[in-house]
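The next block holds one structure in the form of structure tokens; read it before the comments.
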Amino acid sequence: MLTAVEIEAKAKELKKRGYPVISLAIGEPDFEVHQNIKEAINRAILENKTYYPDPKGLIELREAIAEYETNRKGIDISPDEVLVTAGGKPIIFYTIFYFCKQDDEIILFEPYYLVYPYWCKALNIKYKVIKLNEDGTIPRDELFKVLSPKTRLLIINYPNNPQGSLMNKENLDLLLEVLEKFPRIYILSDEVYSELVYEDKHISIFTYNKNRVILLESFSKTFCMTGLRLGYGIFPREFVKDLTTMNSNFITGPSTPIQYGGITALRDNEVKKYVQYMREEFKKRRDFLYDELKEKISFKPKGAFYYFVKVPYDGLEFCNRALNEKYLAITPGILFGESFKNYVRISFANSMENLKEGIRRFKSLL
Ligand SMILES: Cc1ncc(COP(=O)(O)O)c(C=O)c1O
């Protein structure tokens with residue numbers, strides 16, 4: 001039996017050997033980086049902006065981030081609260097490592113992004129898992145059962161990977177109540193899909209209590225900059241100095257020219273239109289897949305670019321068969337939590353042509 005990582009590696013290998021592989025496994029937009037972003041990066045290199053960056057992130061980029069987030073969130077955000085990293089992932093590690101000590105506990109919500117439990121385990125921090133309702137809402141009673149004076153961190157992810165659910169008002173109120181009742185708790189709010197919302201509105205808990213919430217954002221999904229590795233965290237101000245030291249001792253910061261590309265991504269009007277175009281394209285793909293899958297799912301994703309689908313038997317076995325027999329790569333649900341052994345994740349970050357053929361192959365296995 002192959003593991004998920006091996007499925008992806010095998011898909012690539014089969015493709016290289018000429019097999020007609022379609023990969024709906026990876027969480028990566030298939031669009032190109034906008035030309036203006038590429039030019040800004042190239043210009044930075046030609047102008048010798050190639051020296052060590054400020055470990056907090058270039059001030060011009062932090063100003064652009066602060067302005068961008070202030071506009072989106074409608075609250076004042078200062079460049080001094082921003083820490084720029086190589087993609088969003090380091091913020092997950094930094095937050096767990098910095099905030100949680102030996103006896104502390106973390107609460108994760110299933111289905112989760114697998115990087116959260118990875119770092120909890122690697123850093124030897126206990127964590128408890130609560131299964132979300134299918135619409136992404138947090139079951140209140142379950143949450144209050146596991147909260148304790150040891151709880152230090154909650155990690156939430158809206159729009160959710162792989163469910164595509166959004167934070168709703170009820171969840172928001174519940175989490176704000178938790179912050180009020182448990183003064184040691186912080187929330188890491190992973191919002192890397194916040195620009196990919198197709199219905200309803202993205203609600204960010206960061207807007208409502210930025211003294212106790214760490215916002216995780218990334219250029220990967222919104223601006224298709226996955227391989228350029230640029231992301232950021234916005235932290236309560238008192239922690240930024242320590243976290244900057246951590247960033248400095250770890251990677252110093254993301255590549256300087258890429259940070260110039262980030263400024264263009266946030267400020268350029270053509271890029272803004274491009275993001276809007278991609279959102280509309282993703283929505284068309286989501287709607288196309290919905291028509292194909294509606295009998296098999298109980299929740300239509302409102303954001304991100306995945307369908308999380310229950311299959312008739314073990315998801316890992318299903319993914320193996322899909323790849324070996326149909327040359328279709330998809331991701332087994334077990335990666336998103338123990339409760340999802342019979343699920344698979346299908347990404348719609350792929351061309352309509354590949355989606356049509358991919359879903360035909362998928363259905364032929366049911
Ligand atoms: C929920 C979630 N958070 C964070 C990330 C990290 O993205 P990056 O490190 O590319 O910014 C991803 C990437 O797939 C993700 O799905």
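Quick one: if you take sqrt(5λ) for each eigenvalue of the C-alpha gyration tensor of the chain, what semi-axes come out, biggest first, whole angstrom? Before the final figure, lay out each step's value.
Numbers: eigenvalues 197, 145, 73 Å².
The answer is 31, 27, 19 Å, longest axis first.
Could you list the GluC sites (Glu not before Pro) in region 279-366 that lie in coil according to DSSP, counting only those with at most 10 other Cβ atoms within 10 Å of their Cβ?
Working: sites: 280, 281, 292, 295, 317, 325, 338, 353, 357; in loops: 295.
Those satisfying the criteria are 295.
Would you mind counting up the charge near residue 59? Only other residues with Cβ under 14 Å from its Cβ, with Lys and Arg at +1 and Asp and Glu at -1.
Values: positive: 49, 56, 62; negative: 54, 60, 63, 67, 80, 81.
Overall, the nearby charge balance is -3.
For residue 302, give me every one of the lysines with a C-alpha distance below 17 angstrom, ignoring sequence neighbours fewer than eight places off in its own chain.
Correct list for residue 302: 169, 201, 221, 283, 284, 294.
So what J values fall out for region 165-170 if you push phi through Karplus, 6.51 cos²θ - 1.76 cosθ + 1.60 with θ = phi - 60°, rounded to Hz, Gly and Pro as x?
Karplus-based 3J(HN,Hα) across region 165-170 equals 7, 10, 5, 10, 4, 5 Hz.
May I ask you to sort 264, 207, 331 by Cβ crowding, counting other Cβ atoms within 10 Å and putting the fewest first? Mind showing how you got there, number by number?
Details: 264 21, 207 17, 331 27.
Arranged by neighbour count, lowest to highest, 264, 207, 331 become 207, 264, 331.
Ratio of region 159-257's C-alpha Rg to 2.2 N^0.38 Å, to two decimals?
Numbers: Rg = 15.2 Å, N = 99, 2.2 N^0.38 = 12.6 Å.
After normalising by residue count via 2.2 N^0.38 Å, the value is 1.20.
Under 16 Å Cα-Cα from residue 10, which aspartates and glutamates qualify once same-chain neighbours fewer than 8 residues away are excluded?
317, 325
May I ask which of 38/241; 126/326; 12/310 have a Cα-Cα span longer than 29 Å here? Working shown, then result.
On the way: 38/241 31 Å; 126/326 40 Å; 12/310 25 Å.
Long pairs (Cα-Cα over 29 Å): 38/241; 126/326.
Looking at region 47-118, which chymotrypsin sites (Phe, Trp or Tyr not before Pro) are DSSP coil and have at most 13 other C-beta atoms within 10 Å of their C-beta? Mind dumping the intermediate values first?
Numbers: sites: 51, 68, 93, 94, 97, 98, 99, 109, 112, 113, 118; in loops: 51, 112, 113.
Passing both the DSSP loop test and the Cβ count: 51.
Which of the chymotrypsin sites (Phe, Trp or Tyr not before Pro) found in region 231-339 are in a DSSP loop and have at most 11 neighbouring Cβ atoms, other than their own, within 10 Å? Intermediate results must be reported in sequence, preceding the final value.
Working: sites: 232, 239, 250, 260, 274, 277, 282, 288, 290, 299, 305, 306, 307, 308, 313, 318, 327, 336; in loops: 299, 305, 313, 327.
When the chymotrypsin sites (Phe, Trp or Tyr not before Pro) of region 231-339 are filtered for loop state and at most 11 Cβ neighbours within 10 Å, 313 remain.
Every read-out reported here was derived from the displayed coordinates using simple, explicitly stated rules and does not represent laboratory data. Note that the structure is predicted; figures quoted are calculated from it, not measured. Backbone-built Cβ (ideal geometry, glycine too); neighbour counts: all protein chains shown.
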